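Reading through the structure tokens given below for one structure.
Bear in mind these aren't lab numbers, they're just calculated from the coordinates by the rules spelled out. Just so we're clear, the structure is a prediction, and the values are computed from it rather than from any experiment. Note that each Cβ is placed from the backbone with ideal geometry, even for glycine, and that neighbours are counted across all protein chains shown.
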Amino acid sequence: MTKRTIDDVLKELENKSRLSQADKPDESVPNTYDCPRCKDEFGFIERRGDMEVWVACACREWRRAQRLFKSSEITEEFKKLSFENFRTAGKHQSVKDACECAHEYVQAYPDVCGRRRNSIALLGNPGSGKTHLLTAAANDLMRRLHVPVLYFPFVEGFNDLKRDFTLLEDKLNRMKQIEVLFLDDLFKPAGGKPRATEWQIEQTYSIVNYRYLNHKPILLSSELEAEEIVRMDEALGTRLLEMCQDFLVVLKGNSFEINHRLEGMV
Ligand SMILES: [Zn+2]
């Protein structure tokens, strides 16, 4: 069987539902199934010769991806971000390098995910496409490799947790246990200065340290450069950089620096 993309499956389901509706128009029963083909039974009986066999429905793959997307907390808008709709034409070389690095990371993921250096960091320049590229990587991990990802924007994420402490323990646990954590805009600067409360650093450290010890990957974006992250908190910073050292691009003004080995940093 050839590998089909989710879009293929969706299109096929759509066509099938159109056909079956055309075959047996029945206005009295509104179609309330997510999958008209199997009527949400996850499969159907098919006649093969004299035998009736239970066939798993193609919607299973689509449902699995849907579940992953739903639990990822990646917004509808962000689900559309991909490598295909990321424009590098006319952009600075460092942007192209970041794009290539994120793309390579997804390709390498099955090999590196169990190692200590299993993570990716895109650092530097705000507005250079770091979040787009890492979201594209996250979407690909879920869609193609069925890897669960959890999105956590540093500022908004902690603000939500501060508003509702009942969420805290459960959320922190999920951030530790999820297969891939997407930590967006770490220490996002306010008024030109990197900002984090002691509580935020403490929580982030406990998550990162757990993931470091248990070889669980992180997708990291930050406007700060490596040295600045370490300056915010040395234990946290050095762990993050060690995890990301094989896939790390710094977008830096008009110059760029691609650094696969942060010798002396860790
Ligand atoms: Zn189905």
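The listed peptides 92-100, 169-177, 207-215, ordered by packing as a protection proxy, come out as 92-100, 207-215, 169-177 (highest mean of other Cβ atoms within 10 Å first).
Potential lengthening of the chain between Trp199 and Trp54 amounts to 46.8 nm, from the contour at 0.36 nm per residue minus the alpha-carbon distance.
The protection proxy used here, the mean number of other Cβ atoms lying within 10 Å of each residue, ranks peptides 46-58, 218-230 as follows, highest first: 218-230, 46-58. With an a/c value of 1.5 or above and a/b not larger than b/c for the gyration tensor axes a ≥ b ≥ c computed over the alpha-carbon atoms, region 110-207 is described as oblate. Is the shape of region 50-184 best called rounded, prolate or oblate, per the rule: a/c under 1.5 gives rounded, else a/b larger than b/c gives prolate, else oblate, with a ≥ b ≥ c the square roots of the Cα gyration tensor eigenvalues? Note, shape of region 50-184 comes out oblate. Determine the alpha carbon to alpha carbon distance for each of Lys39/Lys171; Lys91/Lys176; Lys91/Lys130 and list only those over 25 Å. Checking Cα-Cα distances, Lys39/Lys171; Lys91/Lys176 exceed 25 Å. Among Thr204, Thr135, Thr88, a tally of other beta-carbon atoms within 10 Å of each Cβ gives an order, fewest to most, of Thr88, Thr204, Thr135. Positive contributions from Lys and Arg (+1) and negative ones from Asp and Glu (-1), summed over other residues with Cβ under 13 Å from the Cβ of Pro194, come out at -2.
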